[in-house]
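Chemist: To start, I am sharing the structure in question, which I have written as structure tokens.
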């Protein structure tokens, strides 16, 4: 089957490469000529473990290609995926659907055969209805169906998530859409991956509901961490204790500096706006968004406290280890590190930083921060070393070397990757999240 993937960003490129690896003929389409040129040269526009090798092998096999021409790319395609960005719209927080609708219009004007048009982008409830209307108004004479097929990929583990999914959700309104999508995912169906067919609007809501619930789990355990600090409990033991309950589960119960990334912040906001539009308040999600925003700033204040308080911190230096919102990605969108760095620089603290993949993306967002070539260069002369992102490279730091290079043996661990007893035994003042 030929598949066209409109949009060659994170979702489009990973999905397209994986579909090609299943044996489909895939064309990835993007209007950014520079991006397409780099892909032809084997240069990935994003960092995702294993993606470069997956793309290279399928390009060599002739199953994966790239173009800037939508009309050329969708020709003879049985399934046309829309995988363009839906960022939060400035001013009101709604998802910006202008890219989705522009693609739908161009697809309608260029369609040369019957096809299923699939919204892979994360879109609010009712978007598929509007895409269908746009296609109908385009004047196309070819049979089409509009289907919702949300993605559930975790940055840093996207290829495994695509090939071994928890579930595949398909929102279709007719047999044509269901039949084509069944063929698209036939390789996974043979591996007994569960496929859930729903209505289109239900499928659109499932994506937002899933992300909002996961964001709620993160925010809940972060609030429990604050309570643990007040009462002298250990949040990691609390997390284990409740996570062992099968009704709750252990995933997304790791206390930290708050959630960020490309999905949770914008999707929770979009869900709030959808609920507002339909006069159906989502008070829990409102609280989650508010608590998460305040938590990021609170983490900056936690570092200031480790430096002796806001007044004493002025003129001191803090080293931030990890800048991306999570490890194994170069994504800086809504990363807690941004708020931490801003709080510190506003207080007159000099900030140095190191991240294995995210410094190029981070520098424009934190121009006053000095980016360093390795963690120890960032730590040199620091009055506090702060672990913001739990990259593997930071899990076994040479603490004796850290103590020698730093101006003061102060470690603020915002990801709880070290044992308090071990670090304090090395002579460090140690602060973590939700642990005495």
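The values are calculated or read from the model by the stated rules, or taken from the named source; none is laboratory data. Since this is a predicted model, take the numbers as computed values, not measurements. Note: ideal-geometry Cβ built from the backbone for every residue, glycine included; neighbour counts use all protein chains shown.
Chemist: With respect to residue 304, is the statement that it is touching a strand residue (DSSP E or B) at 6+ places or on another chain (Cβ under 7 Å), over 14 Å from residue 211 (Cβ atoms) and surrounded by 18 or more Cβ atoms within 10 Å (Cβ to Cβ) true?
Modeler: no
Chemist: Next question. Looking only at the range 18-36, how many residues end up being more than 9 Å from residue 67 (Cα to Cα) and in a helix (DSSP H, G or I)?
Modeler: Of the residues in the range 18-36, 6 are more than 9 Å from residue 67 (Cα to Cα) and in a helix (DSSP H, G or I).
Chemist: Can you name every residue in the range 48-62 that is surrounded by fewer than 19 Cβ atoms within 10 Å (Cβ to Cβ) and assigned to a loop (DSSP other than H, G, I, E, B)?
Modeler: 49, 50, 61, 62
Chemist: Filter the range 188-209 down to the residues that are surrounded by 15 or more Cβ atoms within 10 Å (Cβ to Cβ) and over 26 Å from the mean Cα position of the chain (by Cα) and list them by number.
Modeler: Across the range 188-209, there are no qualifying residues.
Chemist: May I pose another question? Of all residues in the range 84-114, which are surrounded by fewer than 24 Cβ atoms within 10 Å (Cβ to Cβ) and more than 30 Å from residue 289 (Cβ to Cβ)?
Modeler: Those that are surrounded by fewer than 24 Cβ atoms within 10 Å (Cβ to Cβ) and more than 30 Å from residue 289 (Cβ to Cβ): 105, 106, 108, 109, 110, 111, 112, 113, 114.
Chemist: Hey, among the residues in the range 18-47 that are closer than 20 Å to residue 122 by Cβ and in contact with a strand residue (DSSP E or B) (Cβ under 6 Å, 6 or more places away or on another chain), which one's surrounded by the fewest Cβ atoms within 10 Å (Cβ to Cβ)?
Modeler: Step by step, filter the range 18-47, then rank; the result is 19.
Chemist: A further question follows. Among (1) under 25 Å from the mean Cα position of the chain (by Cα); (2) over 30 Å from residue 371 (Cα atoms); (3) without any contact (Cβ under 8 Å) to a residue 40 or more places away in the chain, there is one condition residue 223 misses while meeting the rest; what is its number?
Modeler: (3) is the only condition that residue 223 fails.
Chemist: Could you please let me know if residue 302 is part of a loop (DSSP other than H, G, I, E, B) and assigned by TED's automatic domain parsing to the domain that holds residue 365?
Modeler: no
Chemist: Hey, another quick one. Do any residues in the range 36-47 that are within 19 Å of residue 331 (Cα to Cα) have Cβ atoms under 6 Å from those of residues that are in a helix (DSSP H, G or I), where the two are at least six apart or on different chains, and which pairs are they?
Modeler: So the pair list comes out as 44/51; 44/52; 45/35; 46/10.
Chemist: Name the residues in the range 66-80 that are touching a helix residue (DSSP H, G or I) at 6+ places or on another chain (Cβ under 7 Å) and surrounded by 15 or more Cβ atoms within 10 Å (Cβ to Cβ), would you?
Modeler: Across the range 66-80, the qualifying residues are 66, 67, 68, 70, 74, 78, 79, 80.
Chemist: Looking at residue 188, is it touching a residue at least 60 places away in the same chain (Cβ under 8 Å) and in a helix (DSSP H, G or I)?
Modeler: yes
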